[in-house]
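Below: the structure, in structure tokens.
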Amino acid sequence: MTGRVREDSTPAVGNGQLRSVQALLLPLFSRYGIRLLLGFVSLAGVDLLQLLIPRFLKTAVDSLSAGTASQHSLAGISTLIVAAAVAAALLRFCWRYLIIGFSRLVERDVRNRIYAHVLKMDRPFFEKHTTGDIMAHVSNDLAAVQMACGLGLVSAVDAVVMTSAAIGFMLYINIPLTLLALLPMPLLAVSTMILTGRLHNRFNLVQEQFSLLTEFVRSALVSIRLLKAYTMEGLQRNEFEKLGRQYVRSNIRVAVIQGLLAPLATLVGNLGMLMVLYFGGRFAIQGTISLGDFVAVVTYLAMLVWPMMAIGWVISLTQRGLTSLKRIHNLVTTAPVLQDLPETETPVPAVPSFRLDHLTFTYSQAAHPALRDISLELAPGVYGITGRTGCGKSTLAKLLVRLYPVPDRTLFMNGRDVNTMSLDEVRSRIAYVGQDAVLFSETIAANIAYGLPEATPAQMEAAARAASIHEEILALPQGYETVIGERGVTLSGGQRQRLALARALISNRPVLIVDDALAALDVETEHQVLRAMRTSGRRQLILIVSQRIKLLSETDEIIILEQGEVADRGQHQDLLARSAFYRSMHAKQAREGARSAPGNAEVLGQ
Ligand SMILES: Nc1ncnc2c1ncn2[C@@H]1O[C@H](COP(=O)(O)OP(=O)(O)O)[C@@H](O)[C@H]1O
Ligand SMILES: [Mg+2]
């Protein structure tokens, strides 16, 4: 990846950039207008005061050389200079507070907007953009925008005011001398612009490598146990060292340019000074300008070096800010693939049902459909879904929960095309336990309560009992108040799934979809859990993805998927009679059951 330069080195201010400024920044400029105005007035005040100091100096020097200076007049002038410097310092504090504050407010507002938007995004989006990617881009881009709106803006205004005023004062003193002194200056602006452009590209590389490095550490830490289990620490260390070396190399490349900038400025500034000393000295000897004018020109010239560099720097900062702003704008205007609609007034009947009508679904990155031409009616009842790994069971469950977009008129809930309903309308009726249980790094009680925020301890306990996890929770150090996850107790895969199941059960939603979450239970507990699911609350439609015959045999109907298609459906006995796949699964599990627990053979063989 070394040497890769992102598209943002293009200097052109494109259409998209203007649009993003309009959409994201203009409203903020007007919201914080007064703050900005005050800030710029203070900034102009600082510049003015700074420019007055050489005038005072000139008066002092002239009076000295004319022999009219007295202790008293000199003291007066020095007091003026000190007063100007103090006032400038106060005003400098004001503009920094106001304008840098403005840039932080802009950063905050844009960040809030990004966050609100990212929360609205759906699975397909998060499959395309990894967490590390989003985090790195958002923080880098935000930083670039903040820089452009803060120091960039200040430097631009400052440079323009200072340059024009200093040049104005110099011209007022002596026009030919000013032109001679300024001769080397454009060189400084142009070379700074080129160098900072370079600097910016190299700096991007540094940031990219830094995000690679952090993402590397993050993913290693997340899977640290796996890493140790496979004794991959050595490999990881080598890889990490390689990344570290690249990071240092890029940083040094940045330092090279940074190191060039200051000497360059001094060199060019001194060239200008050479001109002033040579020609200005001559003019002073000839008496074309006074000694005071000579001193003033020297001071103004020294004051010009920084604004000249700033112009080059500001151009590159602005380019950077604009490209970042455009990227942010693209992000916040990316609509979720899953289009949400406002909730309609039509109340959904209490009895939920689904109909799939020739539903074919392909993941956006996949070559082949994961589900093909599925037609199913799911009326209230208990359904088992089974089939080989990869046949599409989880996909089917996720489509019902509306985690991925489906084509129009292929999936209906209570007779209504789900694409005409709001996402919440569908999701709020479904309790879903995914294959990988999602738990938060909070207490067990809080995790269960995600299903029903107002749940009482008694309700939680009932749900935990129904999910057959209550006893295990009590055995934990702080019971229901035990914190789990990264900063707490680690639960086993089966415990996590049952906890997620308890959360689903307490929500008391009419549809319950459980994706392979009961696999870690023993047969007896599994049976209890299913019974609890059937009898608890107003649950009407239960869908259980499972590979276990015993569990499947207790459902009302079993659907067998094969390579994304419905291969067969029916009741346990019918399928035993006609489905070769089901029979072989049955035979295999009966054998395994017999081997592990002889007493179970009869149960399974019934
Ligand atoms: N997010 C995804 N992106 C692309 N392909 C996927 C994704 N999830 C699953 N698949 C593919 O879709 C097919 C069905 O997967 P899945 O529904 O998880 O199967 P099952 O749950 O039956 O094991 C598999 O071929 C799998 O590789
Ligand atoms: Mg699955």
May I ask you to evaluate 6.51 cos²θ - 1.76 cosθ + 1.60, the Karplus curve with θ = phi - 60°, for each residue of the stretch 299-306 and list the ³J(HN,Hα) values in order in whole Hz, giving x for glycine and proline?
-> 5, 4, 4, 4, 5, 7, 4, 5
Cβ crowding within 10 Å averaged over residues, with 399-406, 416-423 ranked highest first | 399-406, 416-423
With x for Gly and Pro, the residue-by-residue ³J(HN,Hα) of the stretch 21-29, computed from phi through the Karplus equation 6.51 cos²θ - 1.76 cosθ + 1.60 at θ = phi - 60° and given in whole Hz, is 5, 4, 6, 9, 9, 3, x, 6, 4
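Percent antiparallel among DSSP beta bridges with both residues in the chain, to the nearest 5?
Antiparallel bridges make up about 45 percent of those DSSP assigns within the chain.
For the peptides 471-483, 273-285, what is the packing order when you average, over each peptide's residues, the other Cβ atoms within 10 Å and list the highest mean first?
273-285, 471-483
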Gap separating the Cα centres of the stretch 361-426 and the stretch 439-517, nearest whole Å = 27
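Over 21 Å, how big is the tail of the calculated P(r) for the stretch 354-577, in percent of all Cα pairs?
Distances greater than 21 Å cover 55 percent of the Cα pairs.
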Contour excess over end-to-end distance, with Cα ends at residue 213 and residue 89 and 0.36 nm allotted per residue | 40.5 nm
Hey, can you rank 175-185, 358-368 by average C-beta count inside 10 Å, highest first?
-> 175-185, 358-368
Estimated vicinal HN-Hα couplings, Hz - the stretch 155-160 in sequence order (Karplus 6.51, -1.76, 1.60; Gly, Pro = x) = 5, 4, 4, 4, 4, 5
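What does the helix-only formula give at 222 nm for the chain: each DSSP H stretch with n ≥ 4 adding -39500 (n - 2.57), the total divided by the residues, and the result rounded to the nearest 500 deg cm²/dmol?
Mean residue ellipticity, 222 nm, calculated: -20500 deg cm²/dmol.
Where does the charge balance sit around residue 363 when Lys and Arg score +1, Asp and Glu -1, over other residues with C-beta under 12 Å from its C-beta?
Working: positive: 123, 128, 398; negative: 127.
Here the charged neighbours net out to +2.
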On Cα atoms only, tilt of 457-466 relative to the major axis of the chain in degrees = 50
Centre separation in Å (Cα based) which lies between the stretch 109-170 and the stretch 227-266 = 25
Positive-end extreme of charge dipole, the chain - chosen from 146, 53, 439 (charges on Cβ) = 53
Å³ per residue enclosed by the Cα convex hull of the chain | 219
Treating only the Cβ atoms of Lys and Arg (+1) and Asp and Glu (-1) as charged, compute the dipole magnitude of the chain about its Cα centre; round to the nearest 20 debye.
-> 1160
Can you give the % of DSSP beta bridges in the stretch 354-577 that are antiparallel, to the nearest 5?
-> 45
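A short reminder: the numbers here are calculations on the coordinates, not readings from a lab. No experiment lies behind these values; they were computed from the predicted model shown. Note that we place each Cβ from the backbone using ideal geometry, even for glycine, and neighbour counts take in every protein chain shown.
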